[in-house]
Structures are given as C-alpha cells and as structure tokens.
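First the structure, in the form of structure tokens, and then the observations on it.
Coordinate-derived values only; no laboratory data. Predicted model only: the values in this text are computed from it and were never measured. Using ideal geometry, Cβ is built from the backbone for each residue, glycine included, and neighbour counts are taken over all protein chains shown.
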Amino acid sequence: MPLCTVEIDRRQFEKLSRENRNQTAINICEKALDETLNGLGIPDPQDREWRINVNNGITQANISLGFTLGTDEYKTGKIFDPSTETIKATGKIVYEAASNSSISVSRVTMEPWRNTTFLIRSDEKAGDIVSPSPEILEKTGQVVGRPVVTIALSPEKNEEMAVSKMPEAEKESDAFQIAAKDILRLVSESLQLPDEIKGQAKILLPQLAQTDISLEVDFPQAVGGEIPNEIRQYLAKIIERYLNENQLTKNGSATVWVRSGGPETQVIE
C-alpha cells in the first residue's frame, strides 16, 4: 500500500492560490501515486494513501513513497517484490513530474519496506483473535527493541475532537496522545517487553490527510530487522480491535501499519 507524503515549507504553500492550494498539493500526491502504482505494477488502483505536511523551515519540498514488499501484498498468488532498478526508475518518473509541479519538488524518496503488515480498518465486528504461543511472543519480545507508535490525524478528525469539547482534554491532541500510549502499552504487554524498554508514542497533525487515523507501529531496533509475520498480523489485529472499541477512534477511516527494521531507501534528486 503506497503512502505518499509531501512536505512543503509553509511560506511556499501559502504562495499557492488560496482558493485551490489544498487541491494543488493533493493533485501532486495523486499524480505521484498514479506513477508509483503504474511503475511498480500494483494491481489495485484504490490501494493508496496520501498525507501532506506543511511546516516552517523546510528548505526544499520533498516527496516520500513508502510501500510494503516481499509478501503476496495484493492477494494475486505472487510475491510483490519489484527490483531495485524498477523502484528507482519509478522514482525518477515521479521526480520528473513533481519537480515540474507548482511546488518544485527537489527530492523523491522511495521507501520499500520488507517485513511489514498493513491493514485497512474494517467496520465489521472482529471475531476471536488467535494469539501466537507465549513462547513465540516471548522470543520475539527479546529481539524487537524499543517500539515506536505514531498516530497521524486528519484535520477533519482533529476538528471533530475540538468540536466535541471533551472535558478531559485541554487540547485536541491530548486524548489521542493517551490513545497512542494505550496502544504502546498494548504492544509492550503483548510482546512481554521488559520494563526497562521504554517505547515512544507520537502524534502527527498533517495539514491534509486522506485517512482520518493512520497508525504506525515501528520496531527500528529489531534484531535482523525482522519480526515474524504471525506476530505482525496479531499486533495489527489487536490494534484494529482497540481502534474499533475506543470511543475516540471508532469512527472514520483508519489504517494500521506494523513495520520492523527500516526501508531500503532510494533517493532521487
């Protein structure tokens, strides 16, 4: 599932026409995703997501495209594993279009991730989730290192929280920070992580986002960069269940991405 993230300096963003600046940025994302799906041979045209960050002090507009490979990601009976050459060639096509766009993108980063699990939150009530054996959970917990939980919220979801005026939250993001810590604790307890391993919970508030709640669980310190698929699937399912049962997160679109190690980055500039 390609995730396109565009980062733009605030002054550059505000130079765009006020009437259509948001759509201009979205169109750049959509074009990048079109080229990525076409170049990598991804069969599902709807399997895509975009996010736009507008911040102060970004020296050059840039695009990153993250996607999973090494599994039968698209249920075609074939392992999705485009070559390094194909990934780089696709990145060059994205760069050519984005560098000539109205925000003059200066860098495109292709981020293929192995050993990851991605799911789109289902509205259907989940059945029983089969837990891996305690031995596998304990063994995995010994090698994963520090987990990092990140929740990216769409402006619409953030605004919904502000309108609700929940008394326990002074700021909209505070309650989501609690949710991120809840999920971090859920992950840590599931993997029986030692008390001395302290994870991290983060909230991102992009300027624009296609998905209301995008949740990423990273294990950048995992030994060998790999967590068994059985464990990743289990974590994704219990997180999905949390999102569906929590009053704060049960409404709107949501995705969950469990990743270990780091991407095999290709930079085009």
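Calculate, in whole percent, how much of the Cα-Cα pair population of the chain lies beyond 27 Å. More than 27 Å apart: 41 percent of the Cα pairs in the chain. According to the Kirkwood relation over distinct C-alpha pairs, the hydrodynamic radius of segment 3-113 is 14.5 Å.
Considering only DSSP beta bridges with both partners in segment 117-260, what is the antiparallel share in %, to the nearest 5?
Details: 10 of 22 bridges.
So the antiparallel bridges amount to about 45 percent of the total.
In the chain, the DSSP beta bridges split such that about 45 percent are antiparallel, to the nearest 5. Over segment 35-151, what is the mean sequence separation of C-alpha contacts under 8 Å (at least six apart), divided by residue count, expressed as relative contact order in percent? Relative contact order of segment 35-151: 29 percent.
Calculate the dipole size of segment 3-113 relative to its Cα centre from +1 charges on Lys and Arg beta carbons and -1 charges on Asp and Glu beta carbons; express the result in debye to the nearest 20. Intermediate values should be presented prior to the final figure.
On the way: 13 positive and 16 negative charges, 91 e Å.
The dipole magnitude comes to about 440 debye.
Build a GNM of the chain with springs between Cα atoms under 10 Å apart, and of 227, 93, 197 the one that fluctuates most is 197. Under 12 Å from the Cα of residue 92, which aspartates and glutamates turn up, not counting those fewer than eight places away in the same chain? Within the straight-line cut-off, residue 92 pairs with 35, 269.
Taking a quarter of the surface of the Cα convex hull of segment 117-260, what do you get in nm²?
So the Cα hull casts an average projection of 8.7 nm².
Bridges between two residues of segment 27-118, per DSSP, are antiparallel at a rate of about 10%.
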